[in-house]
Every structure is written in C-alpha cells, then in structure tokens.
Amino acid sequence: MKEYGNFIDHQYIVNLLEQSRFTDNQKINEILDKAERFDGLTPEEVAILLTTENKNYQERIFKIADKIKQHIYGDRIVMFAPLYVSDYCVNHCSYCGFNCKNKFQRTRLTMDEIREEVKILEAMGHKRLALEAGEDPVNCDIDYIIDCMKTIYDMKLGNGEIRRVNVNIASTTVENYRKLKEVGIGTYILFQETYHKETYEKVHLGGPKKNYEYHLTAFDRAMEAGIDDVGGGVLFGLSNDWRYEILGLMLHNKHLEDTFGVGFHTISVPRMCPAEGNDLSGFYPVDDATFLRIVSIIRLAVPFTGIIISTRENSDMRKELIRLGVSQMSGGSSVDVGGYSKGNYSKGSQFVTSDDRSAQDIIRWIMEEGMVPSFCTACYRKGRTGDRFMELAKTGNIKNVCLPNGLMTLKEYALDYGDEAFRVLADKVIEKHIPDIENEKVRTLVLENLRKLEQGERDLFL
Ligand code: SAM
Ligand code: SF4
C-alpha cells in the first residue's frame with residue numbers, strides 16, 4: 001500500500017493563524033479583490049480572512065460570497081436525500097448516536113427493504129441519494145454496500161429513478177474503492193470530523209476510525225482507485241477552534257490538487273446536533289453568526305467546489321445559507337435506518353435533525369425564494385467528473401449547461417410530482433430563468449426539450 005503521509009502540519013496551522021492576526025488593511029483588501037475575481041484563495045490568504053474581526057470586512061465577505069454564488073452557480077440548488085442502510089457500527093465516536101456503546105436493536109436493510117425505501121424516495125421525486133452506513137466489516141461489508149448500490153440503480157418506479165448514488169462510508173482500501181467505482185459511485189463522501197489530531201483521538205475512543213492517518217488518507221486511496229469526485233467536510237463543534245478546521249480543509253484540498261490535479265468536488269459543513277448520549281456538553285457548538293462566516297469564507301476560498309448543507313440546519317438558517325454559496329441541499333430526509341418506510345423523519349437515531357419539512361415543501365420554498373431546485377445528475381452520467389467537471393465550472397459554462405439541466409429537471413419534477421399550483425409556480429420560475437442561458441442555440445434547444453417533456457419524454461439533459 002502506498003504511503004501518503006500526513007499533509008496536515010499542526011504547527012504550520014497554529015503559526016499561520018497566529019501571524020495572520022497582524023495583517024495590514026492593504027493586504028486584506030488585495031485578498032478580497034482576488035476573491036471577487038473568482039480566483040479562489042490560498043490557505044495563507046484564507047487564514048488572514050479567518051482572523052479578520054473587522055465587521056466591515058465581514059460584510060464585504062458576505063457580499064462577495066453572494067456574488068460568487070450568483071456568477072458561478074446562478075440560482076440553482078441541487079437536491080438530494082440521504083439513505084441510511086445500516087446502523088451497525090464498531091466505532092466509538094463520542095458524538096454519534098450509532099456508536100458501538102449505545103445499546104439499541106441494530107439493523108441493516110435487506111434488499112427488499114432498500115427497494116421499499118427507494119420507492120418512497122422516488123415517489124418524492126429524488127434522483128440523487130447519499131448512501132450512509134456505520135462501519136462494521138462483518139455486518140456491513142463492502143459487498144453489502146455494492147449490493148445496495150446495484151439494487152438502487154436497478155429500481156424504477158414510473159418515471160422515478162435514482163440516477164446518482166453518492167456514498168458516505170468509512171475509510172477503506174484501494175481495492176474496495178475500486179469496487180465502488182465499478183458499480184458507479186457518484187461522489188465518495190467522508191468527513192474528517194476534525195483535522196486537529198489531539199481532538200480527533202479524544203473523541204474517537206475506539207474502533208478502526210480512531211486511526212487519524214488512515215481516515216485522513218481515505219481520499220488518496222479513493223482517487224488512486226479512480227474515484228475522482230470526493231467530498232470532504234468537518235463536524236463543526238468537535239474541536240474548540242473552527243478556524244483550525246477550515247485551514248485543515250484547505251490544506252487537504254491543496255494536497256489533493258497537488259497530488260491528483262483535482263481537489264474536493266464538494267465540502268459539507270455539518271454542525272453537531274444532539275444525539276443519544278450526546279447533549280453537546282463537552283463540545284464546542286458553533287453559533288449562527290460564526291457559521292455564516294464559515295460558509296462565506298469557504299465560498300471565497302474554493303469558488304468551484306459545491307457546498308452541501310443538510311437538515312441538521314433549520315429553515316431560517318438554510319434561507320440565509322442559500323444566498324451565501326450553498327449549492328446542494330437535502331430535503332424530506334430521514335437519518336434513521338428504514339426511516340422512510342417507518343415515516344420517521346425528524347427524530348433520527350444518529351442525531352436529531354432541524355428541518356422536517358417534506359421534500360416538496362422545501363422544493364416549493366426554494367422556488368418561492370426565486371431560486372431553481374435542480375435534480376440534475378448529468379455531469380456524472382456524461383463522464384464530466386473530477387478535472388473535467390472543474391474545466392466546465394472554470395470556463396463559466398455552468399450557466400450554459402447546469403442551468404439548462406436544472407430547468408429541464410425541474411420541469412420533469414413538476415410534471416411527475418407536482419399538482420396544478422406547483423406546476424404553475426415551476427413554469428414561472430423556468431420562464432424567468434430562460435433568458436439567463438447565455439448561448440442562443442442552447443436556449444432554443446432547452447425550449448424544445450421543455451415541450452418534449454410535456455409530451456411525455458423524460459431524462460433530457462446536456
Ligand atoms: N460512518 C461513516 C463515518 O463516520 O464516516 C459515514 C456515515 S456517518 C453515518 C455520517 C456523518 O454523520 C459522520 O461523518 C459525522 O460527521 C456525522 N455525525 C455523527 N454524529 C453527529 C451528530 N451528533 N451531529 C451531527 N452530525 C453527526
Ligand atoms: Fe459509526 Fe460513523 Fe457514527 Fe462514528 S460517526 S459511530 S463511524 S456511524
């Protein structure tokens with residue numbers, strides 16, 4: 001096995017944060033100007049923004065985040081839902097309701113049960129799932145995960161089908177990542193939880209996940225196996241220094257860029273929620289104002305990386321975040337194994353969620369906010385992953401590809417799952433956004449495709 005080494009240099013991060021506090025205004029302005037040109041930021045520049053307490057600068061950071069979001073992603077918000085398949089877990093992560101010390105009846109779904117869950121998710125109109133599982137090499141081995149993925153991709157309910165399965169499972173071997181690649185994994189997602197090694201070792205009390213280095217180098221192995229869309233994240237609230245965590249993310253991203261030519265496809269920003277045996281005491285919850293700072297600085301730093309939020313955040317916070325650069329959101333989610341069939345939406349057994357609106361209510365709300373909920377999975381299916389996706393993003397072509405796909409998939413959703421009022425609202429949103437498609441030929445094609453969808457054709461994308 002290749003050794004990737006530890007690219008998170010603790011002392012470097014600590015020194016950087018310390019030195020950055022003394023940056024002069026001219027330098028800060030230069031960094032903000034650079035961010036405004038959509039050029040992204042180096043970890044050193046990010047450190048300076050993280051340590052700038054001046055309110056005026058913070059206001060400017062929010063404005064730039066909004067501008068980047070508009071310029072690169074437009075009004076689209078990509079929708080997805082989690083699917084928990086197994087809560088068996090051999091790890092003792094002190095913050096998680098699934099940890100091996102919690103006593104409850106553990107389950108893993110049979111393939112028939114998966115079909116039941118997927119039927120419900122497809123009936124909600126979802127096209128993109130994040131498959132989630134605890135770590136247990138005996139009760140939930142890689143072959144089980146592979147079977148789950150095959151079962152999901154094979155399911156079709158009327159016009160419903162899951163077109164992209166992202167996977168969030170424990171750090172594993174190159175061989176196992178290859179198996180996931182073979183059955184068509186979308187993004188491989190894994191949160192580092194905390195980049196601060198000492199904290200990492202304190203909150204991971206037992207099990208294979210306790211090994212910081214093995215967890216940290218998961219994406220190297222995934223990329224070696226040919227998975228080129230990987231999604232990072234940290235669990236905010238674990239360590240007492242959120243600035244450290246953002247720099248950890250930046251250094252991780254840089255390491256992947258330097259080594260494989262492409263960094264994170266997405267970054268998730270989960271904040272810790274209460275869970276069985278975790279009332280948040282002993283942790284460091286991040287307040288709302290800080291959280292908005294976190295998301296906006298990430299948006300400036302990596303303008304082409306998607307930012308994901310889940311139903312850990314309540315509707316008010318989600319409303320603010322969609323302006324600041326969040327590009328993907330879950331809706332109608334259950335964080336319980338078999339939760340969709342049981343109708344268990346808000347009280348998951350892994351942690352307690354905060355937005356229990358139905359998927360359709362969230363989709364309608366996004367449109368009422370003037371935005372475009374998108375069910376697009378085209379890039380992955382057209383092989384535009386890794387650096388090919390980044391190429392598309394960096395040449396500004398998202399507007400001529402992603403927006404059209406967003407509008408077409410919204411139309412498809414409205415026809416298949418919406419009532420009359422919903423369809424009228426969706427048509428208004430689509431009409432309003434057609435002029436934003438810059439290329440005239442593409443605009444004509446989209447109008448033609450919208451008509452074809454009305455006539456019953458499906459799955460049209462660029
Ligand atoms: N078991 C795998 C792992 O730990 O990497 C993957 C799936 S785990 C179900 C997904 C994520 O849930 C974890 O990475 C962790 O960040 C998050 N999580 C665990 N406990 C949480 C809590 N109390 N509040 C919010 N998120 C939590
Ligand atoms: Fe298991 Fe993941 Fe929860 Fe840790 S975070 S206890 S590995 S499910």
*Provide the FRET efficiency to the nearest 0.05 for the GLU182-ASP387 pair, computing r from the beta carbons and using R0 = 22 Å.*
0.60
*Compute the distance in nm between two label points, each set 7 Å from the Cα along the Cα-to-Cβ direction, one at TYR153 and one at LEU205.*
4.0 nm
*Excluding residues fewer than 8 places away in the same chain, name every one of the lysines whose C-alpha is closer than 21 Å to that of LYS197.*
LYS209, LYS210, LYS254
*Hey, with R₀ at 25 Å, roughly what FRET efficiency would ASP356 and LYS432 work out to, going by the Cβ-Cβ distance, to 0.05?*
0.30
*Between ILE307 and residues 5 or more places away or on another chain, which pairs have amide H atoms under 5 Å apart, with H built 1.01 Å from N, and which residues are they?*
ILE267, SER327, GLN328
*Return the subset of LYS181/LYS202; LYS103/LYS342; LYS399/LYS432; LYS63/LYS428; LYS63/LYS399; LYS63/LYS411 for which the Cα-Cα distance in this structure is over 24 Å, preserving the input order.*
LYS181/LYS202; LYS63/LYS428; LYS63/LYS411
*Can you pull the accessible area of ARG384 for me, 1.4 Å probe, Å² to the nearest 10?*
40 Å²
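Determine the per residue accessible area of the range 267-420 with all protein chains present and a 1.4 angstrom probe, expressed in square angstrom. Don't skip to the answer; put the middle values down first.
Details: 5050 Å² over 154 residues.
For the range 267-420, the solvent-accessible area averages 33 Å² per residue.
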*asked:* Lone cysteines in the chain, defined as no other cysteine's Cβ under 4.7 Å from theirs: which are they?
replied: CYS89, CYS100, CYS140, CYS148, CYS273, CYS376, CYS379, CYS402
*Under-5 Å amide H pairs with LEU83, H placed in peptide plane, nonlocal only*: ALA130, LEU131, GLU132
*With all protein chains present, how much of the accessible area of the range 74-356 (probe radius 1.4 Å) comes from carbon and sulfur, to the nearest whole percent?*
47 percent
*With runs of 4+ DSSP H residues as the only contributors, calculate the mean residue ellipticity of the chain at 222 nm using -39,500 (n - 2.57) per run, divided by the residue total and rounded to the nearest 500.*
-14000 deg cm²/dmol
*Based on the Cβ-Cβ distance of ASP258 and ASP279, what FRET efficiency does E = 1/(1 + (r/R0)^6) give at R0 = 41 Å, to the nearest 0.05?*
0.50
*Please check the chain for the longest run free of GluC sites (Glu not before Pro) that are loop-located per DSSP (anything but H, G, I, E, B) and have at most 13 other Cβ atoms within 10 Å.*
54-437
*Would you kindly find the accessible area of LYS197, with a 1.4 Å probe and non-protein molecules such as ligands, DNA and RNA excluded, rounding to the nearest 10 Å²?*
80 Å²
*asked:* If I ignore ligands, DNA and RNA and count only protein heavy atoms, how much of VAL337 is accessible to a 1.4 Å probe, in Å² to the nearest 10?
replied: 10 Å²
*Rounded to the nearest whole Å³, what is the per residue volume of the convex hull around the Cα atoms of the range 392-454?*
73 Å³
*Starting from the Cα of HIS10, step 7 Å toward the Cβ, then list every residue of the range 30-67 with an amide N under 13 Å from that point.*
none
*Derived scalar couplings ³J(HN,Hα) [the range 65-78; Karplus, 6.51 cos²θ - 1.76 cosθ + 1.60; whole Hz; x for Gly, Pro]*: 4, 4, 5, 4, 4, 4, 5, 8, 9, x, 9, 7, 10, 7
*Within the chain, what is the longest stretch that has no chymotrypsin sites (Phe, Trp or Tyr not before Pro) placed in a DSSP loop and near at most 12 other beta-carbon atoms within 10 Å?*
105-462
_With the crude spin-label approximation of a point 7 Å out along Cα→Cβ, what separation in nm comes out for ASP416 versus GLU198?_
5.2 nm
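Which value, in Å³ per residue, describes the convex hull spanned by the Cα atoms of the chain? Please report the intermediate quantities before stating the final value.
Working: hull volume 60.6 nm³, N = 462.
Taking only Cα atoms, the chain has a hull volume of 131 Å³ per residue.
The values are calculated or read from the model by the stated rules, or taken from the named source; none is laboratory data. The shown structure was predicted, so the numbers you read here are calculated from the model rather than taken from an experiment. Using ideal geometry, Cβ is built from the backbone for each residue, glycine included, and neighbour counts are taken over all protein chains shown. SASA here: full protein model, heavy atoms, side chains in, ligands and nucleic acids out. Shrake-Rupley method; radii C 1.70, N 1.55, O 1.52, S 1.80 Å.
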